[in-house]
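First the structure, in the form of structure tokens, and then the observations on it.
No lab work stands behind these numbers, since they all come straight from the coordinates. These figures come from a predicted structure and were not determined experimentally. With ideal geometry, Cβ positions are generated from the backbone for all residues, glycine too; neighbour counts draw on all protein chains shown.
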Amino acid sequence: MAITRTFQKQIIDQLNYQYLSSDDFDMEIYEKENCPRVLIKYRYEEIYFYLITIDNGGGYSIERSPGEVSIKVTYKIKNLSNLPSDIKDWLYHLEKEISASPVVRNFFNMKLEIDNQLADIEEMINSEEDKYFSRLESEELLKKLNNLEEMFIKHLDKEHQDTDKLQVELEKFKEEIEFLKNQLEFNTRKNWIFALSTKFLRWGKNNPRTIKAIGGMMNEFLPENGSKNVVNDLIEIALINESNLNDD
């Protein structure tokens, strides 16, 4: 059974949607198992497609990528009149998926950077004797945390013009600093330094300009062996985030 030109034109007309146009797609028409098929492929990433199979018993089988949640979905449409709105729905999710790709890619690239950095920190602190801080050491670290808190809040206020976001970051930071202060008594050196480093990475991810300004203070908390390189890497991750923010 051949596909009429009128039907083909109806499909092509539906492919013009917001930032997408019919020029962004390739269309193939073929027959498989005695059922005519129309395959629409997004020209630049062929993992995204819309396949119409005209069933012998009537109705239309649809396979498409992306779906709303799953990367690929299959279902049936009984009436031809439902096809235009279904194609528009596919284009809507396709456009969202294309727009999300750089964000998701940046997220996983940044996660890999952070995971690698944490591995370096863990390797560095493994050479430390895993014992508890002395009372004198805890008091000294508490003073350094207070200084870090004061400087962080000072620069954070300059970084975030959005007062709601500023408030969220302030509250989160204060909770985490308070946690680190309380854990001085209960955590071993290794665990505490690793916890601080993890927090520092999160602060750099969310507040890159602040960490860029005060990142050097991290040296005061890390062991001497390799601490300078670790801190420089931490600040570099913050700079990448700052660049991403500027691009936005």
Revision key, fill the gap. Burial-style ranking of 140-150, 197-207, 79-89, average other-beta-carbon count within 10 Å with highest first, yields 197-207, 140-150, 79-89
Exercise for review: Using R₀ = 25 Å, calculate the FRET efficiency as 1/(1 + (r/R₀)^6) where r is the Cβ-Cβ separation of Glu68 and Asp23; round to 0.05.
Suggested key: 0.45
Review point. Put +1 on the Cβ of every Lys and Arg and -1 on every Asp and Glu Cβ in region 1-92; which of Ser70, Tyr30, Tyr19 then has its Cα farthest towards the positive end of the dipole?
Key: Tyr30
Check your understanding: How high is the FRET efficiency from Ser101 to Lys181, r the C-beta distance, R0 41 Å, rounded to 0.05?
Key -> 0.50
Check your understanding: Taking R0 as 41 Å, what's the FRET efficiency between Asn82 and Thr163 from their Cβ-Cβ distance, rounded to 0.05?
Key -> 0.30
